[in-house]
Amino acid sequence: MASSSNNLKRGCSALDSENRCSACGKSFSAPHFLDRHQKKSCDATKAELSALKSQAEALDEGTKRRRIALEAERQGSAISTQGAIIGMLEVSFDDNTSLGRRALDTPTGRGSASRPHEHPNQACTAIQANHRDSENLTDRAELVDIAHPQAGPASRPASPAGSTPDNQQEDAAEDLKEEDHTTARDAFGLRRRYYPDRIPKHDPDQLKTSMDLYDSPHHRTIPESEQVNLAATPLNPPHEQTPIPPLSAGPSSQPSEASNAPAVSGSAPSPASSAPAPTLSTPAPATSKGPTPPPKASKANTPNPFDPFPNVSSFELGEWFYNQGSQKSLKDFKSLIEILTDPTFSIEDLKTTKWTRVFQDLGKNKEEISVGRSQWVDDAGWRTKDIELDVPIHNRMEKGRGMEKHVAGQLHYRSIVSIVEEKIRNAEDSRHFYYDGYELLWQPGEEKECPEFRLVSELYHSEAFLRAQREVRESPPPQIGACNLPRIVIGLSFWSDATHLSTFSISKIWPLYMLFANESKHRRTSGQNDLSNHVAYFDSLSDGFKDYITERTGGKIPPGLLPYLNREIFHAQWEVILDEDLLKAIVEGIVIECPDGVTRRFFIRIFTYSADYPEKVLIATIKSKSDCPCVHCLVHKNDLVQMGTKDDMAFRQDHPRVDTAERQQSVLAAREVIRKGMAVDGSPVEKLLTHSAVPILNAFSNRLSGTGFDIFSSLAVDMLHEYEIGVFKTFFLHLIRILEASAPGKVLSHEVDKRFRALPPFNQTIRKFSSNVSKLRRRAGRDYEDILQCAIAPFDGLLPEPVNGLILKLLYINARWHALAKLRLHSDATVFLLEDMTTQLGDSFRQFVVATSGINTVELEREVERRTKPKKKKPNSKVPEASGSANVEPTNPDTTPGKPKALPKKLNLSTPKFHTLGHYVQKIRWLGPTDLYSTEWGEYFHRSPKAWSKRTSRKFMRKEISRHERRRARLRRMKYRALLATNNPKAQELREQRLASRNPDIHHYIGPNKQSPIWLADLGPGKRFSNDILCSSFVRNLKKHLLPRFIAAINPGLTGQSLDNISQWQDWSSIALKNDRFYTHKIMRIKYTTYDARRNEDIIHLDTDQCNAMLIDPGYSYDNPNSSQHPFKYCKVIGILHAEVAYIGEMGRRGVEYPYHTMEVLWVRWYRVHPATSAFELDRAELIPVNEPESHSFIDPIQILRACHMTPRFTKGKRYKDGVGMSQLANDGLDWNEYYIDRFADRDMFMRYEWGLAVGHVYTHRDAVKANNKILLDPKRRHVQSQTTRIEARGSVTGAGQAGLGQMGVADATRPLEAVGGGGLNQANLQVEDSEEEEYDDDSSGTESRYQDSEEEKDAELYGE
């Protein structure tokens, strides 16, 4: 009964929340009486439902006619009604569905005006702001909807509920200006420009809602008891004036996609538009009278949607077993109970299920299953191929010379073309697939003459994608003739990395992952969409092949043979993956009919290949420990240290690594010498190769060079391995060495550990440091990122000047460079800032090396253990010298009494990882932000094969894992198809849960519970709070704060000075709290718009360190030197309150009553800000002592911008040595004398201080043009030579006037820069020699899941080194 009642509530508008039928006006004492009345007795309700049904049928019939007419015009032939419905409908009209409700709401089919955060049963009420607007802030923006702030138009006419996809696309095209093919500006000032002369008819941005823009990790379902309070919170705080996109809109505002989307392909079935749609393999099309029930397996000649499961019960149980993970939790157990207790579940159905065969069939290819049982398989599956290599036989070996063929391994792979076809034909994925790239433009001002700035967030915004798109559309290949189908670019991004399957296992797997550049990166991060495609599982040299090599060489394997064969097998496997079908798809394209009924020609393009440095060297077919170790340019190893200098940046531009014909010919010539019996690493081979090339036929060069593809330009930079656990980890290690060398007994390293443990966490961005940071045990990449973001406070004051100042400056520059390099949205201004910071980063590192050269730093204990551990098996071997250990005698660890001796150790800047930091600007300009191709995605994707390996026999690991990959993909498609194509109540439950678990469309949330009341009497003399210094004037200050807010609540039109004037003439003592009490809370959730125009959430939690917040300072002016010097104010929240407020007076009376208004209040302590005095310092702040009158006050929660991260300035100490302060309520006994304002806590926080550069921070838009032009038009950037200090390879410091890198020819690129002038630094200080492994592969290339560096070294044999 309850279920049917809920259905009526969703389908009929004649029901309100008071058990009263609004159709006839009758009231009932219980919901079930009302339910019976509406079903059987109410003629008005019956008429309404009948009208709903008739209208749905009419819309369905109109949809059929329009679809048939459109297809007839395009193809000149009639199409059957059934085919039109299948190509068009993804959800059906139903008397009880949300689509039916939307059709009933208004004659035009527009949705209701209810806010998305309201409960579906709540009445639509206008949301009123309970705050006054500040005159110093920008005027409030008009409430309009935006389907997607980055790309959606500012306004869009409503589409008819029955329009076809093409009609819908034509409506979207009306927003495009025909003269320049750009969309209208949205509320953030964003618009799209399309090239060439083509208006897109497929726009995934139309489907996006505010929930799709929500990035908060704090998702939770809000109880119904709390939902009623959400409508009391205004959507638009004065500082966040951009309207938050609601899920539905009334006739006066722009309709949103969720409420007005027609029931066609590409529309959302409910307000939770993220719910998946059925795929093309849906058994039967939906009709206007509701979804078709699931077919029963017992019926003959009826397709079973659950194949290979015989029935729905076995499918649900099998899906639970497989997708809930190998380790079951209490949550999984509850899920099982729900399945078993479901009324539709049948134990009898399970008895006939052959589980072993079902799960085997679920992972097999179609040809491996009998014909009668394979009809349900709709994908190509996995393939296997033996990899045969030409083994070089040296002429000195017995039994011949030249080449011998031998099988070295087996490749498990999928066809890339088949993956592309599967993606395009999948209806749900196709809806979110961007067929057209575009330029994203930002015009922050309202004026027509306001300049526009180009932005890049996605790969389909990038110059690389747009250039490929123009090439395909403007210069079609001659092979396709006069084909006039739309030509679409399919962008591919690859990741590959070998990894251990478990921490203590020797089993490894080497996956190749692929993502589509046409899909938004934000869909990857949602956690609900598994967008990674497993393309292959590479094989390394098999044990049998190694036995063959050992036997063939008589047990004396040449030192260069196995690395050569490892490179050979890797590229031989890529030769298989880059098959003829892929080559044809690149040159001629592949023709696919899309789910929207449009046939298109898709051209595949490979844009990025992401890997760590050892694997990039393998892909690029160069040597790592060589003269030219960079995969991006031809820099010499002795010039790696010059990163960021003007000459270095020019050299990168003039001498990129390119796959030229000369390079290919030299490789072929070298291989011919090997074929004649020469050693693979002999001098006859080496002299034919240049720039550290190896005699390996690169698969990408061999297969794709004819298409114009260059593998070197596709190799992406790697923030994770190159910087976070590369350059910065190395720098942090050296800081610990300096601390241990500066004081005996590790006093300073213990102090820095203590300080890190005392740092407060910040949301989920910076976690609590619970262990000793200096030990670096079990540290992951995210841990080093956390260390970097808040390292300034712990290191401040540990060392004397000038070393202390130099360390703090270098930490600041590292944090700023890292923040800029990891931005998710870039503009020309931010890229220019990154370019400047790259120069400063290189200069500061080199200055640091010089300044600390006199400190006798030695290896840490961990480094000594690592160096000596592998030598224990060889007692007579010598210990290698540490980097920079000139004139140090080697020590034998087994003959030295006690612990091994720690050798001298200096900071080494001569590494490829340090040099690669100079390539980030170029890559971002070409490909877009680094998060598009970060190896973090590959490490994240490793979770799947590691989890699947636990379900394998471990005998045929790669084969069994490939079967598990197919099981997962097929089960997911079955589940979505079954839920959305049947009347299963779980489908509606899935949609409702997704809608309820996220609520981004409010400014903040404070719970409505009244479990913690505080009576005003408790604040009086002699009561429990009377002795606290903060309570002396608590009631008076609270009522004075509430008075103007109450006036604004009853008179919404009053703002600014008018409100102040009225408030001054009213008596604050007339403010009354209901029952003379207010209520306290512990938690407040703040929703805010991020710098890239998305939504996120902070949590303010009392009695924890996460209780600080920031507000806009209304006295700040960007270009006024007489204004406030800092743009924000900061406070510590000590109370989260709400009360029911009335005014006992004529103003507050309504008739004979004094109505109460619920108001939320924050009780805060204020910080006094001390702005930074230099460009490389953090701003500081101090909590104003509680005995000062301006130390605390009440504020409206709507004024909060977001939470902030305050880190103690440990060198200043605590305010109260004994920990006892003056106020127990303020808990000021824990105050520090001073705090650092951590602007590097996250990317959005960083962009708050880059005033005018953030799209989503609309309160800075008034100064955006000035801020951007100040950076872009800076004459020093292009016309003044940067004052950089060059450190030459031999240790000389030279000024300007030296021979530039850009003036060298290609032949000179591999020799070191010549120094002119005197010396001054020795070679040991500069660390440019190549005697230690750290120079090319330092201890920062771990491959453990989630970036753990416990596995310190790669398997050298696996990568061929």
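Using a Förster distance of 56 Å, how high is the FRET efficiency between residue 1051 and residue 750, based on the Cβ-Cβ distance and rounded to 0.05? It comes out at approximately 0.35. For region 1097-1145, the relative contact order works out to 34 percent when only alpha carbon pairs closer than 8 Å and six or more residues apart are counted. Site pair residue 1174 and residue 1262 shows an inter-label distance of 3.4 nm when each label is modelled 7 Å from Cα along Cα→Cβ. Amide H to amide H distances under 5 Å link residue 404 with 391, 393, where only residues 5 or more positions off or on other chains count and H is placed in the peptide plane.
In this simple spin-label model, placing a label point 7 Å from the Cα along the Cα-to-Cβ direction at both residue 777 and residue 384 gives a separation of 4.3 nm. Surface listing: 960, 1190, 801 arranged by accessible area from highest to lowest gives 801, 1190, 960, probe 1.4 Å.
May I ask for the net charge around residue 1267, where only other residues with Cβ less than 11 Å from the Cβ of residue 1267 are counted and Lys, Arg are +1 while Asp, Glu are -1?
Residues close to residue 1267 contribute a combined charge of 0.
Give me log10 I(q)/I(0) at q = 0.11 Å⁻¹ for region 682-819, Debye formula, one equal scatterer per alpha-carbon, no solvent. These q points yield log10 I(q)/I(0) values of -0.57. Per-residue 3J(HN,Hα) values for region 385-396, derived from phi via the Karplus relation 6.51 cos²θ - 1.76 cosθ + 1.60 with θ = phi - 60°, read 8, 6, 9, 9, 10, 8, 8, x, 10, 5, 5, 8 Hz in sequence order (x marks Gly and Pro).
Between the amide H of residue 1193 and those of 1164, distances stay under 5 Å, these residues lying 5 or more places away or on another chain, with hydrogens modeled in the peptide plane. If the chain linking residue 395 and residue 1018 were pulled fully straight, counting 0.36 nm for each residue of separation and taking away their Cα-Cα distance, it would gain 214.4 nm. Shown are 817, 1068, whose ranking by accessible area with a 1.4 Å probe and every protein chain present, most to least, is 1068, 817. Remark: the residue 583-residue 1193 segment gains 212.7 nm on full extension, using 0.36 nm per residue and subtracting the alpha carbon distance. Note on residue 1104: accessible area is roughly 50 Å² with a 1.4 Å probe, heavy atoms of protein only. Between residue 404 and residue 741, what is the label-to-label distance in nm when each label sits 7 Å out along the Cα-to-Cβ direction? Taking the simple label geometry, residue 404 and residue 741 are separated by 5.3 nm.
Under the rule a/c < 1.5 gives rounded, and otherwise a/b versus b/c splits prolate from oblate, where does region 469-594 land using the Cα gyration tensor? The shape class here is oblate. In region 1137-1250, the portion of solvent-accessible area held by carbon and sulfur atoms comes to 49 percent [1.4 Å probe, whole percent, DNA, RNA and ligands not counted]. Packing here is the average count of other Cβ atoms within 10 Å per residue, and on that basis the peptides 1251-1264, 1048-1061, 705-718, highest first, run 1251-1264, 705-718, 1048-1061. Starting from the Cα gyration tensor of region 989-1102, take the square roots of the eigenvalues, sort them a ≥ b ≥ c, and report rounded, prolate or oblate (rounded when a/c is under 1.5, otherwise prolate if a/b is larger than b/c, else oblate). Oblate, because a/c is 1.5 or more while a/b does not exceed b/c. Backbone geometry of region 930-937 corresponds, through the Karplus equation with coefficients 6.51, -1.76 and 1.60 at θ = phi - 60°, to 3J(HN,Hα) couplings of 5, 5, 6, 10, 5, 6, 4, 5 Hz, x marking Gly and Pro.
Suppose R0 equals 51 Å. What FRET efficiency, 1/(1 + (r/R0)^6) with r the Cβ-Cβ distance, do residue 1103 and residue 1062 give to the nearest 0.05?
0.85
For region 532-675, the Stokes-Einstein estimate of translational diffusion at 4 °C and a viscosity of 1.567 mPa s comes to 67 µm²/s, using the Kirkwood hydrodynamic radius over alpha-carbon pairs.
Taking amide H atoms as placed 1.01 Å from N in the peptide plane, the amide H of residue 410 lies under 5 Å from those of 387, each 5 or more residues away in sequence or on another chain.
Place the peptides 690-697, 741-748 in order of packing, highest mean first, counting for every residue the other Cβ atoms within 10 Å and averaging per peptide.
690-697, 741-748
Using a probe of 1.4 Å, the accessible surface attributed to residue 26 totals some 110 Å² when neighbouring protein chains are kept in position.
Of 385/508; 616/775; 623/906; 584/637; 556/676, which ones are farther than 28 Å apart at the Cα?
Distance filter (> 28 Å) returns 616/775; 584/637.
Quick check: net charge around residue 768, other residues with Cβ under 10 Å of its Cβ, Lys/Arg +1 and Asp/Glu -1? Net charge around residue 768: 0.
A simple rule links phi to the HN-Hα coupling: the Karplus curve 6.51 cos²θ - 1.76 cosθ + 1.60 with θ = phi - 60°, which for region 576-593 gives 6, 5, 7, 7, 5, 4, 5, 4, 5, 5, 6, 7, 9, x, 10, 8, 9, 8 Hz, with x for Gly and Pro.
Taking 0.36 nm per residue of sequence separation and removing the Cα-Cα distance, the residue 1272/residue 340 pair yields an extension gain of 329.1 nm.
Determine, at each q value in 0.20, 0.26 (inverse angstroms), the log₁₀ of I(q)/I(0) that the Debye formula gives when each Cα of region 1094-1136 is one equal point scatterer. Log-scaled intensity ratios, in q order: -0.73, -0.87. Taking a ≥ b ≥ c as the square roots of the eigenvalues of the alpha-carbon gyration tensor, region 597-700 is classed oblate because a/c is 1.5 or more while a/b is no larger than b/c.
The values are calculated or read from the model by the stated rules, or taken from the named source; none is laboratory data. Because the structure is predicted, anything quoted here is derived from the model rather than measured. In this analysis, Cβ positions are derived from the backbone assuming ideal geometry, glycine residues included, and neighbour counts consider all displayed protein chains. SASA here: full protein model, heavy atoms, side chains in, ligands and nucleic acids out. Shrake-Rupley method; radii C 1.70, N 1.55, O 1.52, S 1.80 Å.
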